[in-house]
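Let me begin by presenting the structure, written as structure tokens, before commenting on it.
The values are calculated or read from the model by the stated rules, or taken from the named source; none is laboratory data. Note that the structure is predicted; figures quoted are calculated from it, not measured. Virtual Cβ from ideal backbone geometry, glycine too; neighbours counted across all protein chains shown. Please note that ligands, DNA and RNA were not included when accessible areas were found on the heavy atoms of the full protein model with its side chains. Shrake-Rupley method; radii C 1.70, N 1.55, O 1.52, S 1.80 Å.
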Amino acid sequence: IKSFFNRKSFLKEIDLSSITLKSPDFPTKQNNVDVIIPTLRRRDYLLQVVDDLKNQTLLPKKVIVVEQNPDYQSNTELPELTSNSWPFEIVHHFIHKTGACTARNIALEEVSAEWVFFADDDIRLESDLLKSSLLELNRLDVDCLNLSTYQIGEKKFFKKIKQWGSFGSGLSIVNSHFAKEIEFLNVFEYGFGEDQDYGMQLRYGGCDIIYHPDLEILHLKATRGGFR
């Protein structure tokens, strides 16, 4: 009770970052990752993301792109995905149905790696992002990391690793054992909330979600395309 009247109790910071986490119960996780990217009319942005993935120090095993265009007479805007040579497998779906939930569910069916990186089509990645992320997943012995996303000129609010009460569907890396057991609910299609719901499903299935401030993604916030 005294602590409620002692302001210093609320201001004291506890830093556990120097503690090395070890668990004899879980084997070291494999360092392979598939990337899933839904995209809608963002050709140049999407190709930037794939180029960033091509330059990763730890290459993805597979990059799964679900391109959408509701016009049944339309053709793909991304012929490079199949005509060019890439250092990873490209799986390209071109469909005439829109919606982020639909696209991500289609992509999840193609995942075969230990990890799945949920990516947006208008982000930029540093070359060591995947390698650093998988190292941290192993070090922390967790099954999901929400990476830190920022826009140019934006200040970071959360600066420490923490248990996360939400989930970002365009900036997370998840153990595929959990990710493939659930799906994005179509009741949220064209609105908001599908990622928070997916995060709740992950936690209900036993997958904790950890926010990591030092693993950063630049979000360009493209002014056209998208699903909203």
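Numbers for the structure displayed
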read-out: Protein-only accessible surface order, largest first, of 214, 195, 34 at 1.4 Å; value: 214, 195, 34
read-out: Cα coordinate range in segment 133-189, projected on the principal axes (Å, largest first); value: 35, 32, 18
read-out: Positive dipole terminus of segment 27-164, leading residue within 135, 69, 36 (C-beta point charges); value: 135
read-out: Projected-area mean, segment 52-147, by convex hull of Cα positions, square nanometres; value: 6.8
read-out: Cα convex hull of segment 90-228, projected area averaged across orientations, nm²; value: 8.8
read-out: Cut-off under 5 Å, modelled amide H: who pairs with residue 209 long-range; value: 164
read-out: Accessible surface of the chain, 1.4 Å probe, proportion on carbon and sulfur as whole %; value: 52
read-out: Nearest 10 degrees, 0 to 90: helix 129-140 Cα axis against the chain principal axis; value: 40
read-out: Accessible area (Å², per residue) of the chain, counting only protein heavy atoms and a probe of 1.4 Å; value: 56
read-out: Considering only the chain, percent of DSSP beta bridges that pair antiparallel, nearest 5; value: 35
read-out: Computed accessible area, residue 190, all protein chains, 1.4 angstrom probe, square angstrom; value: 130
read-out: Amide proton proximity set for residue 217, modelled H, under 5 Å, gap of 5+; value: 148, 149, 150
read-out: Environment charge of residue 147, counting only residues whose C-beta is closer than 10 Å and scoring Lys/Arg +1, Asp/Glu -1; value: -3
